[in-house]
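One structure is given below, encoded as structure tokens.
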Amino acid sequence: MNPHLDKLQPYPFEKLRQLFAKVTPNADYSAISLGMGEPKHPTPPFIQQALVDNINGLATYPTTIGSEALRGAICGWLERRYGIPALNPATQVLPVNGSREALFALAQTVIDPAAKALVVSPNPFYQIYEGAAYLAGAEPYFVNSDPARNFGCDYDSIPASVWERVQLLFLCSPGNPTGAVLSLTDWENLFALSERYNFVIAADECYSEIYHGDEAPLGALQAAHMLGLSTVERPYARLVVFSSLSKRSNVPGMRSGFVAGDADVLKKFLLYRTYHGGAMSPSVQAASVAAWNDETHVEANRAQYRAKFAAITPLLLQVMDVALPDAGFYLWADVSRTGLSDTEFAQRLYAEYNVTVLPGSYLARDAHGVNPGRNRIRMALVAEASEGLEAAQRIVQFCKNLSK
């Protein structure tokens, strides 16, 4: 067996299952889960119809590189969304079966396991980053998010001796679970480090279309273009961006996303994926074209999230430290005021009010003397507004009862 498998921790939801194993939730309340970040808004009918209309695609083996129509639609969306020059659909874009499998696969492509490589990851983080590093023969190096920096990571704190071993840097902007968005200055610093130490940046942007202010989150390709890195001899050098339809279009079951950026990296990634078996169903490709070409449903989806956050955040602010994030559909709340740890809070809330939240410590690791998820909880506001509001009201009552 692969010895690196022994380095993997149980997934957060397995830890949550174990935490709840001996708990019987209060039967007076129906179950409401804010634990998993699975979109619950209805899939737009036109995407469903596009899938049905192209069901005959099931009779054809798909190519790994995907159809010209899909790659063209993705390039068109990137150009419209970020105001960047049109990418070459033949060399700078690849469709993938959701960002999760592609993030994992990229590490297997770019890491030299004989080099004692390091993979930089934010902390807390999407658990795939850690697993991808270990199973590629590398070690993760965690950079803690800092509430004083709007949950940004202090990459300047990483010593040169670490950077010299880094082959890949994972980041998530907007962040999971914090919702933080990188600034142009952040990107400028990272691009300079990537050039100096020759590592690949994997920018996970699957939450980019759910935001709460007037300005859309800055993307990695957009930042590179603004800094003049889209027109150099090697455009977007060492930069690969990941995005997905799951959150944007409420189609998590389609497993449809893309990678885009450095053509040299994508050439090797395509070779890897050809052997790995990463081709997308032709039927899903056709439905994805329809989704990427439409923004009306995205605007409507974003409006639903904004309404939920506007209603729920002030309620929770009565009993815990929580703030509207830059983007994404999570609330990253500090529950220290309750006197309970994050695991105690989650367990008792489930037992007494049948509401599931995810302990923040499950999404982070002890690094540099702290676990930055400790005493925080992640709440995914993915359900319909009425259910989310009901969950918030139960949480407020639970917290108020603690102080009696």
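The values are calculated or read from the model by the stated rules, or taken from the named source; none is laboratory data. In this text, all values refer to a predicted model and were calculated from it rather than measured experimentally. Positions of Cβ are backbone-derived with ideal geometry, glycine not excepted, and every protein chain shown enters the neighbour counts. For accessibility, only protein heavy atoms count, side chains too; no ligands or nucleic acids. Shrake-Rupley method; radii C 1.70, N 1.55, O 1.52, S 1.80 Å.
Whether a residue is of a type in the set (Gly, Ala, Ser) and within 25 Å of the chain's Cα centre (by Cα) was assessed, and Gly66 passes this test.
When we screen Leu218, Leu168, Leu229 for residues that are in contact with a helix residue (DSSP H, G or I) (Cβ under 6 Å, 6 or more places away or on another chain) and outside any helix (DSSP H, G or I), the only hit is Leu168. For the range 342-382: of the residues being small (Gly, Ala, Ser) and in contact with an Asp or Glu (Cβ under 9 Å, 6 or more places away or on another chain), which is farthest from Leu19 (Cα to Cα)? So, considering only residues that are small (Gly, Ala, Ser) and in contact with an Asp or Glu (Cβ under 9 Å, 6 or more places away or on another chain), the one farthest from Leu19 (Cα to Cα) is Ala380. Counting just the residues of the range 185-200 that are farther than 20 Å from Asp326 by Cα and among the aromatic types (Phe, Trp, Tyr), which one comes out least open to solvent (accessible area, probe 1.4 Å)? Applying the filter and picking the extreme gives Phe199.
Checking Ala90, Ala148, Ala180 one by one, the residue that is open to solvent by 50 Å² or more (accessible area, probe 1.4 Å) and part of a loop (DSSP other than H, G, I, E, B) is Ala90 and no other.
Scanning the range 201-250 for residues that are open to solvent by less than 10 Å² (accessible area, probe 1.4 Å) and among the aliphatic types (A, V, I, L, M) turns up Ile201, Ala202, Ala203, Ile210, Ala220, Leu221, Ala223, Ala224, Leu239, Val240, Val241, Leu245. The single condition among (1) within 20 Å of Leu221 (Cβ to Cβ); (2) surrounded by fewer than 24 Cβ atoms within 10 Å (Cβ to Cβ) that Glu164 does not meet is (1).
Quick grid of which residues meet (1) in a helix (DSSP H, G or I); (2) out of contact with any His (no Cβ under 6 Å at 6 or more places or on another chain); (3) open to solvent by less than 10 Å² (accessible area, probe 1.4 Å):
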{"residue": "Glu344", "(1), (2), (3)": "yes, yes, no"}
{"residue": "Gln347", "(1), (2), (3)": "yes, yes, no"}
{"residue": "Glu352", "(1), (2), (3)": "yes, yes, no"}
{"residue": "Gly373", "(1), (2), (3)": "no, yes, yes"}
{"residue": "Val382", "(1), (2), (3)": "no, yes, yes"}
{"residue": "Ser386", "(1), (2), (3)": "yes, yes, no"}
{"residue": "Leu389", "(1), (2), (3)": "yes, yes, no"}
{"residue": "Ala392", "(1), (2), (3)": "yes, yes, yes"}
{"residue": "Ile395", "(1), (2), (3)": "yes, yes, yes"}
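Answer yes or no as to whether Thr274 is surrounded by fewer than 24 Cβ atoms within 10 Å (Cβ to Cβ) and outside any loop (DSSP other than H, G, I, E, B). Yes. Residues of the range 114-139 that are in a strand (DSSP E or B) and surrounded by 22 or more Cβ atoms within 10 Å (Cβ to Cβ): Leu118, Val119, Val120, Ser121, Pro122, Asn123.
Apart from one condition, Thr91 fits all of (1) out of contact with any Lys or Arg (no Cβ under 8 Å at 6 or more places or on another chain); (2) among the hydroxyl-bearing types (Ser, Thr, Tyr); (3) within 24 Å of Ala224 (Cβ to Cβ); the exception is (1). Got at least one residue in the range 323-333 being acidic (Asp, Glu), open to solvent by 30 Å² or more (accessible area, probe 1.4 Å) and under 20 Å from the mean Cα position of the chain (by Cα)? For the range 323-333, residues acidic (Asp, Glu), open to solvent by 30 Å² or more (accessible area, probe 1.4 Å) and under 20 Å from the mean Cα position of the chain (by Cα): present.
Here is a yes/no grid of residues against (1) surrounded by 19 or more Cβ atoms within 10 Å (Cβ to Cβ); (2) among the hydrophobic types (A, V, I, L, M, F, W, C); (3) not in a loop (DSSP other than H, G, I, E, B):
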{"residue": "Gly35", "(1), (2), (3)": "yes, no, no"}
{"residue": "Pro39", "(1), (2), (3)": "yes, no, no"}
{"residue": "Tyr61", "(1), (2), (3)": "no, no, no"}
{"residue": "Ile74", "(1), (2), (3)": "yes, yes, yes"}
{"residue": "Ala102", "(1), (2), (3)": "yes, yes, yes"}
{"residue": "Leu106", "(1), (2), (3)": "yes, yes, yes"}
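Kindly evaluate Leu331 against the criterion of being touching a residue at least 12 places away in the same chain (Cβ under 8 Å) and in a strand (DSSP E or B). Taking the combined requirement at face value, the residue satisfies it.
Applying the set (1) free of Cβ contacts under 8 Å to residues at least 12 places away in the same chain; (2) in contact with a helix residue (DSSP H, G or I) (Cβ under 6 Å, 6 or more places away or on another chain) to Thr91 leaves exactly one unmet item: (1). Here is a list: Ile111, Ile47. Which entry is more than 29 Å from Glu215 (Cβ to Cβ), open to solvent by less than 30 Å² (accessible area, probe 1.4 Å) and among the β-branched types (Val, Ile, Thr)? Going through Ile111, Ile47 in turn, the sole match is Ile111.
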